[in-house]
Structure formats: C-alpha cells, structure tokens
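The values are calculated or read from the model by the stated rules, or taken from the named source; none is laboratory data. A quick note: this is a predicted structure, and the numbers were derived from the prediction, not measured. With ideal geometry, Cβ positions are generated from the backbone for all residues, glycine too; neighbour counts draw on all protein chains shown.
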Amino acid sequence: MKQYFSLYDRQTEEKNLINKIGIYILLLKDTIVYVGQSKSLGNRITRHKKGKAGRYKKFDRYGIFLCMEENLLKLESQVMYKYTPLHNISISCNKVCSQQEYLMKKAEKNGK
C-alpha cells in the first residue's frame with residue numbers, strides 16, 4: 001500500500017486536493033485532534049475551515065495521507081488507533097465507544 005503524506009498550514013489553498021482521495025488529520029499545536037477520510041480532500045478540508053463539517057473543530061494545520069479508495073477505512077483505522085484523536089467519537093453509538101467499534105459499525109453500514 002503506497003502512501004504519501006503532506007503537512008499544510010491552515011491558510012494553504014486546497015485547490016490541488018479537490019480530486020484527491022485519502023485520510024486527513026487536523027492538528028492543533030502539534031496534537032492530532034481529528035482524523036477523517038474523503039474522496040475529495042480539498043472540499044472536505046474547506047468545509048472544516050468554514051465550520052460546515054458538523055461540529056466545528058479548531059485546528060491550525062492539517063496533514064494528508066494520499067491512498068487508494070479501497071484502503072481508506074484501513075488507513076483511517078490505523079491512524080485513529082495509533083493517535084486516538086480527541087474529536088473522533090461517534091454520536092450514533094448511543095454511548096461513547098472506541099474508535100475500533102465506531103469503524104466496525106461504519107464498515108457494516110457501508111457494506112464493507
């Protein structure tokens with residue numbers, strides 16, 4: 001699984017990421033606060049910046065792991081498991097659940 005990682009300042013334009021697939025991490029003062037996946041990283045990061053991605057998450061930098069679409073769930077799970085970001089909890093679990101439980105439910109819902 002070939003992966004590419006890049007780190008950007010919050011002010012960086014996302015134009016070159018519009019059609020890119022991968023995992024993104026939101027950082028605040030060198031702490032990973034959120035991990036997500038997207039089939040259009042540029043659009044997703046823009047929504048986070050504008051506060052239109054559900055709850056607003058404060059961040060000053062973001063990182064991108066480019067990967068193949070079939071590896072999104074696995075890579076997201078690995079990053080979440082390793083860093084346990086503050087904002088990665090699922091409201092739909094009816095309780096606070098681990099990232100592993102959340103990702104398993106997400107995979108079941110998506111039929112994977």
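Inside segment 34-61, can you point out the residues that are modelled with pLDDT of 90 or more and over 20 Å from Leu73 (Cβ atoms)? Answer for segment 34-61, where residues must be modelled with pLDDT of 90 or more and over 20 Å from Leu73 (Cβ atoms): just Arg61.
Scanning segment 30-86 for residues that are of a type in the set (Gly, Ala, Ser), more than 19 Å from Ile18 (Cβ to Cβ) and surrounded by 14 or more Cβ atoms within 10 Å (Cβ to Cβ) yields one hit, Ser77. Across segment 7-40, the number of residues qualifying as within 22 Å of Met68 (Cα to Cα) and either touching a Cys at 6+ places or on another chain (Cβ under 6 Å) or of a type in the set (Asp, Glu) (or both) comes to 2.
Among the residues of segment 56-80, just one is among the β-branched types (Val, Ile, Thr) and assigned to a helix (DSSP H, G or I), namely Val79.
Hey, can you tell me all the residues within segment 19-33 that are within 17 Å of Glu76 (Cα to Cα) and assigned to a loop (DSSP other than H, G, I, E, B)? Answer for segment 19-33, where residues must be within 17 Å of Glu76 (Cα to Cα) and assigned to a loop (DSSP other than H, G, I, E, B): Lys20, Ile21.
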